[in-house]
Amino acid sequence: MLANTIHVLTGWEPCRFVHVVTASNSELDVIARGFGSIGFVADPGSGLNGALRAGRDAALAAGATAVLMVPADLPLINHASLDNLLAAADAALAAGNGRPLVAIAPADARTGTNALLVTPPSTIEPHFGEESFEAHLRAAAAAHASVQVVDDAQLGFDLDTPEDLERLDPARQMELEAIGDELARELVFAAGR
């Protein structure tokens, strides 16, 4: 699903650059082929939120004025769902009188966060993990940021459990498997050179 996530993000017109935080670039070098707007950030080894901070900091250093943090376990992520998130963020920005913005797409269960759009990027720290939706709401309130919650079926659906996989449409599952198979062939080819 990582290859799918990268494909969606790099093909989404408002996205200027994708930072992937990883401990190893070997497989990601193959995934990234054909995507010009992607860079790798070394995982600092301090857990998920430390990795997200490293990615955010790399984006800041590159001049980003906003960051979107998404996990790679969103099998239905697409341009339309990202457009919905951005439209909601734009509306909140217009009504926010210059305040920072935090747009959150919660997971289906409304306990986790599946997409977090923040501008300026350092307005809040990432709090992904258990109860992250509430943690992000509290952090945004403490930062006096405008908040927009975006309920979107495609962004809300993630694969955390075997039951989640059973809920995934078999046709979509086959599409993702095909993307994975193509990646596996690329990895074998890259290893065979």
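The values are calculated or read from the model by the stated rules, or taken from the named source; none is laboratory data. Given the structure is predicted, the values throughout are model-derived calculations rather than measurements. All Cβ positions, glycine included, derive from the backbone under ideal geometry; neighbour counts span all protein chains shown.
Given Glu125, Glu134, which one is out of contact with any Cys (no Cβ under 8 Å at 6 or more places or on another chain) and closer than 23 Å to Thr5 by Cα? Explain how you work it out, then say what you get.
Details: Glu134 fails: closer than 23 Å to Thr5 by Cα.
Being out of contact with any Cys (no Cβ under 8 Å at 6 or more places or on another chain) and closer than 23 Å to Thr5 by Cα holds for just one of Glu125, Glu134, which is Glu125.
If we keep just the residues of segment 95-108 that are of a type in the set (A, V, I, L, M, F, W, C) and closer than 26 Å to Glu175 by Cα, which is surrounded by the most Cβ atoms within 10 Å (Cβ to Cβ)?
Applying the first criterion (of a type in the set (A, V, I, L, M, F, W, C)) to segment 95-108 yields 95, 101-105, 107.
Next, only the ones that are closer than 26 Å to Glu175 by Cα stay: 105, 107.
Values: Ala105: 27, Ala107: 21.
Top of the filtered list is Ala105.
Residues Glu125, Glu134: which one is over 19 Å from Ala91 (Cβ atoms), modelled with pLDDT of 95 or more and assigned to a loop (DSSP other than H, G, I, E, B)? Show your work before the answer.
Working: Glu134 fails: assigned to a loop (DSSP other than H, G, I, E, B).
On inspection, the qualifying residue turns out to be Glu125.
Does Thr111 fit the bill of being polar (S, T, N, Q) and surrounded by fewer than 19 Cβ atoms within 10 Å (Cβ to Cβ)?
yes
Cβ-Cβ below 9 Å, separation at least six or inter-chain, first residue in segment 74-100 and of a type in the set (Ser, Thr, Tyr), second modelled with pLDDT of 90 or more and part of a loop (DSSP other than H, G, I, E, B): which pairs?
Pairs that qualify, where the first residue is of a type in the set (Ser, Thr, Tyr) and the partner is modelled with pLDDT of 90 or more and part of a loop (DSSP other than H, G, I, E, B), are Ser81/Leu74; Ser81/Val150; Ser81/Asp152.
Working only within segment 11-56, note down all residues that are in a helix (DSSP H, G or I), modelled with pLDDT under 70 and surrounded by 13 or more Cβ atoms within 10 Å (Cβ to Cβ). Full working, then the answer.
First, the residues of segment 11-56 that are in a helix (DSSP H, G or I): 11, 26-31, 47-56.
From the residues that got through so far, the ones that are modelled with pLDDT under 70 too are 26-31.
Those that are in a helix (DSSP H, G or I), modelled with pLDDT under 70 and surrounded by 13 or more Cβ atoms within 10 Å (Cβ to Cβ): Glu27, Leu28, Asp29, Val30, Ile31.
For the list (1) within 14 Å of the chain's Cα centre (by Cα); (2) of a type outside the set (Lys, Arg); (3) buried (at least 19 other Cβ atoms within 10 Å of the Cβ); (4) outside any strand (DSSP E or B), I need the number of the one condition that Ala92 fails.
(1)
Filter segment 120-173 down to the residues that are hydroxyl-bearing (Ser, Thr, Tyr) and free of Cβ contacts under 8 Å to residues at least 24 places away in the same chain, then identify the one that is surrounded by the most Cβ atoms within 10 Å (Cβ to Cβ). Can you show your working first?
Step one: filter segment 120-173 for residues hydroxyl-bearing (Ser, Thr, Tyr), giving 122-123, 132, 146, 161.
Restricting the remaining residues to those that are free of Cβ contacts under 8 Å to residues at least 24 places away in the same chain gives 123, 132, 161.
Values: Thr123: 19, Ser132: 22, Thr161: 9.
Result: Ser132.
Do you know which residues across segment 105-126 are more than 18 Å from Arg56 (Cα to Cα) and more than 14 Å from the chain's Cα centre (by Cα)?
If the condition is that a residue be more than 18 Å from Arg56 (Cα to Cα) and more than 14 Å from the chain's Cα centre (by Cα), then Asp108, Ala109, Arg110, Thr111 are the ones that fit.
Does at least one position in segment 152-161 carry a residue that is in a helix (DSSP H, G or I), of a type in the set (S, T, N, Q), under 19 Å from the mean Cα position of the chain (by Cα) and under 13 Å from Pro75 (Cβ atoms)? Talk me through it step by step, then tell me what you get.
Let us first name the residues in segment 152-161 that are in a helix (DSSP H, G or I), namely 153-156.
Cutting the leftovers down to of a type in the set (S, T, N, Q) gives us 154.
From the residues that got through so far, the ones that are under 19 Å from the mean Cα position of the chain (by Cα) too are 154.
Now restrict to residues that are under 13 Å from Pro75 (Cβ atoms): 154.
Within segment 152-161, one or more residues are in a helix (DSSP H, G or I), of a type in the set (S, T, N, Q), under 19 Å from the mean Cα position of the chain (by Cα) and under 13 Å from Pro75 (Cβ atoms).
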